[in-house]
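**Q** Submitted below is the structure of interest, expressed as structure tokens.
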């Protein structure tokens, strides 16, 4: 169990470190970041889909003896995430569209876009909840298998980068100063450590409980990839850029499928 704790916390710390580096880089290198962010999103879509369908879902079916409730939890997780996002957007006044805007326009353009009744506290609550689930997903995967844990951590890291950047952009849109916005976006991701700690504690106390986090994680990954990230790529109309999108999605799928087949671990 000690190895689970050590590798799990290292993985979560690495994920949040990469996301933090991306946010702070956005303050100084927005042009380069905009150029590479769509590629990161494409890889993230592929890794998330592969991790959910090739690893987390089969593992949850095996752990839970092919129970039909696995599918109920999977679909229920996606429905709950949809409901949470709809309520969040209704309460905060933030439209879903600005999140990917770092990939196609300056943060300043978002900042000076039409101001709404958005509240940073509500945005940060959503970011904290999202990172909490991510941390629990990584911990649950590590309890089951070390390689699955690292694959899950990579999947989380790849989608944490665009999410943290999206939070940063929206905070600028809400008139939060640039320096403060970057720190708030980074600190919101620290709840992943809390999610990791809770899931690791549950796994140590009752391993049977942790198995039910696997279909929750799979549902979360499917929702993020299909609802949050993939639509960001659908607005692209340039043939060359679309070809690159498809290429990077397949790279992500290959990465997600192939990592657990490496020897060792």
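**Q** What ranking, highest mean first, results for peptides 142-155, 224-237 when packing means the other Cβ atoms within 10 Å averaged over each residue?
**A** 142-155, 224-237
**Q** According to the Kirkwood expression over distinct Cα-Cα pairs, how big is the hydrodynamic radius of segment 120-265, in Å?
**A** It is 16.6 Å.
**Q** Return the Cα extents of segment 134-173 along principal axes one, two and three, sorted largest first, each rounded to a whole Å.
**A** Per principal axis, max minus min of the Cα coordinates gives 41, 14, 6 Å.
**Q** Would you mind putting 241-254, 53-66 in packing order, based on average other-beta-carbon counts within 10 Å, highest first? Mind dumping the intermediate values first?
**A** Values: 241-254: 16.4, 53-66: 17.9.
Result, highest mean first: 53-66, 241-254.
**Q** Further, regarding this structure: So, by mean Cβ neighbours within 10 angstrom, what's the order for 192-204, 125-137, 71-83 with the highest one leading?
**A** Values: 192-204: 20.3, 125-137: 23.2, 71-83: 15.7.
My ranking of the peptides, most packed first, is 125-137, 192-204, 71-83.
**Q** Restricting things to Cα coordinates, could you compute the convex hull volume per residue of segment 158-231 in Å³?
**A** Cα-based convex hull of segment 158-231, divided per residue, equals 92 Å³.
Only the coordinates and a few stated rules stand behind these numbers; no lab work does. Computed from a prediction, not measured in an experiment: that's the story for all the values here. With ideal geometry, Cβ positions are generated from the backbone for all residues, glycine too; neighbour counts draw on all protein chains shown.
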